[in-house]
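Below is one structure, written out as structure tokens, with a few remarks after it.
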Amino acid sequence: MEIKSNYKEEAPEAIMWSQKAWALLSTVRSQSPLIQCITNFVSMDLMANTLLSAGASPAMLHTLEELPDFTPQVHALCVNVGTLSAGWLPAMKLAAELAHKSGKPWVLDPVAAGASGFRLKACLELVELKPTVIRGNGSEIIALAKASVEPTKGVDSSHESTDAVESAKSLAQASGAIVAVSGAVDIITDGKRVVGAHNGVAMMTKITATGCSVTALIAAFISVDQSHVLEATASALSVFGIAGEMGMKMANGPASLRMHLIDSLYGIDEACVFSHAKITSLS
């Protein structure tokens, strides 16, 4: 499938996407949804600060014994398998089950899904628990779609997001989830429709946990609009990318970009969204 990465969109559709992205961000800010994150040690800080800067309320809670009381009360769940261990997997599964039974959306981030048999099996078992959204890089989505262990670069992708379009569509059709593939162009699909979010800067890949953090932001966005999950997912990816673009104007390198990314996400206003959001229909 050919993907056109140049941003060229007719004005009505561009305005529609900007309106949707701004409405969702505004709703997150006004409602401050509670987002439970079962995530890796590397990403906890940036994920929590991303959610706070966007107006959501993070809860980094993963103890198995607490989940039956806590998880049904959250507005969305984010499960990230980055520093996966056998001890944490039961909590991830139980939280996903509780979220699904409670009618709460949950998002899976299958970090390095194809790096080992144990990790792939765990991710495939989590997919069976009906995530609302699966967000990964090209290599992770291809590994899940093929259900195969392949040579990897750890958590880094060996594939462009556009290499994984067909795998993403296949995974979406098989799982029932919206699938998002991060890259220079973020790909979002429900298995038929394909949308691209064209925001962000290359240096964001030099900051650990930016991918993890945008997954948490997706959870916040879909928590306030469960009827339009694809649109909410694309909007979250675009808004996070816009924050990166704004932050890059003040940054001297990855460390300062990290700081300015958080500040920019906090400060994004309506005019900024309307002038910077770049979301297009790709099929």
* Asked: Tell me, Kirkwood radius of the range 160-260 from alpha-carbon pair distances, in Å?
  -> 13.9
* Please work out which option in [x] -0.44, -0.54; [y] -0.50, -0.60; [z] -0.60, -0.73 gives log10 I(q)/I(0) by the Debye sum over Cα atoms at q = 0.10, 0.11 Å⁻¹ calculated from these coordinates, and answer with its label. => [x]
* To do: Using a 1.4 angstrom probe, figure out how much accessible area the chain has per residue, in square angstrom, rounded to the nearest whole.
  => 40
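Loop by DSSP (not H, G, I, E, B), at most 16 other beta-carbon atoms within 10 Å: where is the longest site-free stretch of the chain for chymotrypsin sites (Phe, Trp or Tyr not before Pro)?
After excluding every exposed loop site, the longest remaining stretch is 42-283.
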* Asked: Hey, what number do you get for the chain at 222 nm if only DSSP H runs of n ≥ 4 count, each worth -39500 (n - 2.57), divided across all residues, to the nearest 500?
  -> -15000 deg cm²/dmol
* **Global form of the range 1-111, assessed from the alpha-carbon gyration tensor, a/c cut-off 1.5** => prolate
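How far, in nm, would the chain grow between Ser148 and Glu166 when pulled straight, counting 0.36 nm per residue and subtracting the alpha carbon separation? Write down the numbers at each step before the final one.
Working: separation 18, 0.36 × 18 = 6.48 nm, distance 1.58 nm.
Stretched out fully, the Ser148 to Glu166 stretch lengthens by 4.9 nm.
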* **Cβ-Cβ FRET estimate between Phe118 and Arg29, R0 fixed at 41 Å, reported to 0.05** => 0.55
* So how far, in whole Å, is the C-alpha centre of the range 60-133 from the one of the range 214-266? -> 22
* Structure fact -> Taking a crude spin-label model, label points 7 Å out from Cα along the C-beta direction, the Phe41 to Leu94 distance in nm is 2.2
* State the percentage of accessible surface on the range 229-283 attributable to carbon and sulfur atoms; use a 1.4 Å probe and exclude ligands, DNA and RNA. => 59
* Structure fact -> If each K or R counts +1 and each D or E counts -1, the residues other than Gly176 whose Cβ falls under 10 Å of its Cβ total 0
* FRET efficiency for Ser275 and Met250, using Cβ-Cβ distance with R0 set to 22 Å, rounded to 0.05 -> 0.80
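The values are calculated or read from the model by the stated rules, or taken from the named source; none is laboratory data. What you see is a predicted model; the values in this text were computed from it and never measured. With ideal geometry, Cβ positions are generated from the backbone for all residues, glycine too; neighbour counts draw on all protein chains shown. When the accessible area is computed, the model is the full protein with side chains, heavy atoms only, and any ligands, DNA or RNA have been set aside. Shrake-Rupley method; radii C 1.70, N 1.55, O 1.52, S 1.80 Å.
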